Amino acid sequence: MNNPIEKFTSWWQQALKNNPLNQPNAVCVSTIDENGFPTGRFVDLKAVNEGGFVFCSYFDSAKGKHLENVPNIAMTVWWDHVGYQVRIVGIAKKISDRDADTYWQGRSRDAQLTTTSFNQSAIIRDQSDLTEKLRIAELRYSTNPIPRPENWGGYCINPISIEFLTFAETRLHLRESYERSGEQWKKQLLQP
Ligand SMILES: Cc1cc2nc3c(=O)[nH]c(=O)nc-3n(C[C@H](O)[C@H](O)[C@H](O)COP(=O)(O)O)c2cc1C
């Protein structure tokens, strides 16, 4: 397959079939912190399209601040049950407010409540502070719709390179590397 986005979509669909994981869409995204260190964490992959790979988060979280300074990002996936690893390097850009609103509407009310109550990555004194914040939000919104907070939205990772590894017990993994040059993708095989 010459288009790595199509290949990713096909692998993702295969991975989602009979997936034994509780969080089948979890992928690791790594950003560069203020000291130049990479730092990774899992997020939910929401969508893949020709523009790239979409996840949602808070713009003022640690990762959001990293991306504000340096938009360079990596996304790494390991789907053990099918033996696939994917490594993506790219540039993160915020998605439109309209698209962010759509993802917001797709969240459960409980997820909307917690998202609107908390300041992701900020230090807290005690875990019980969160219960109090949540209670205040519940009273505030009661049964009314919960609007998307301005500091929450999505990022799209526009890929520069994508590598697919098909795991082999013998360690004779298949490594297919795609590098973007303009509108085209150049495919090369790498030694495992
Ligand atoms: C399975 C799983 C899925 C997660 N999904 C998201 C997500 O979609 N968005 C998000 O902001 N954090 C998500 N988190 C929490 C992040 O891993 C991380 O703790 C949080 O985003 C704060 O990261 P930061 O301080 O580096 O910004 C998820 C965690 C796990 C374990």
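Out of T170, T143, which single residue is outside any strand (DSSP E or B) and more than 30 Å from P4 (Cβ to Cβ)?
Working: T170 fails: more than 30 Å from P4 (Cβ to Cβ).
Of T170, T143, the one residue that is outside any strand (DSSP E or B) and more than 30 Å from P4 (Cβ to Cβ) is T143.
If only one of N119, N49 is open to solvent by 60 Å² or more (accessible area, probe 1.4 Å) and more than 13 Å from the ligand (Cβ to nearest atom), which one is it? Quick ask: steps written out before the conclusion?
Details: N119 fails: more than 13 Å from the ligand (Cβ to nearest atom).
The conditions single out N49.
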Discussion item. Among the residues that make up the stretch 1-22, is at least one of them under 16 Å from the mean Cα position of the chain (by Cα) and near the ligand (Cβ under 8 Å from one of its atoms)?
Written reply: no
Discussion item. When you check V86 against the structure, is it assigned to a strand (DSSP E or B), open to solvent by less than 50 Å² (accessible area, probe 1.4 Å), touching a strand residue (DSSP E or B) at 6+ places or on another chain (Cβ under 7 Å) and of a type outside the set (S, T, N, Q), yes or no?
Written reply: yes
Discussion item. Restricting to the stretch 52-74, name every residue that is touching a residue at least 60 places away in the same chain (Cβ under 8 Å) and either open to solvent by 30 Å² or more (accessible area, probe 1.4 Å) or outside any helix (DSSP H, G or I) (or both).
Written reply: G52, F53, V54, F55, C56, S57, Y58, F59, D60, S61, I73
Response to the item:
Of those in the stretch 134-192 that are touching a residue at least 40 places away in the same chain (Cβ under 8 Å) and aromatic (F, W, Y), the residue surrounded by the most Cβ atoms within 10 Å (Cβ to Cβ) is Y155
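Only one of these is more than 15 Å from the ligand (Cβ to nearest atom) and within 30 Å of E6 (Cβ to Cβ): I88, I136, I73. Name it. Working first, answer last.
Numbers: I136 fails: within 30 Å of E6 (Cβ to Cβ); I73 fails: more than 15 Å from the ligand (Cβ to nearest atom).
It is I88.
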Fill in: Hits in the stretch 1-51 - residues which are at pLDDT below 95, in contact with a helix residue (DSSP H, G or I) (Cβ under 7 Å, 6 or more places away or on another chain) and assigned to a strand (DSSP E or B)
none
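The values are calculated or read from the model by the stated rules, or taken from the named source; none is laboratory data. What you are looking at is a predicted structure, and each value in this text was computed from that prediction instead of being measured. Backbone-built Cβ (ideal geometry, glycine too); neighbour counts: all protein chains shown. For the accessible areas, the whole protein counts, side chains as well, though only heavy atoms, and no ligand, DNA or RNA atoms are used. Shrake-Rupley method; radii C 1.70, N 1.55, O 1.52, S 1.80 Å.
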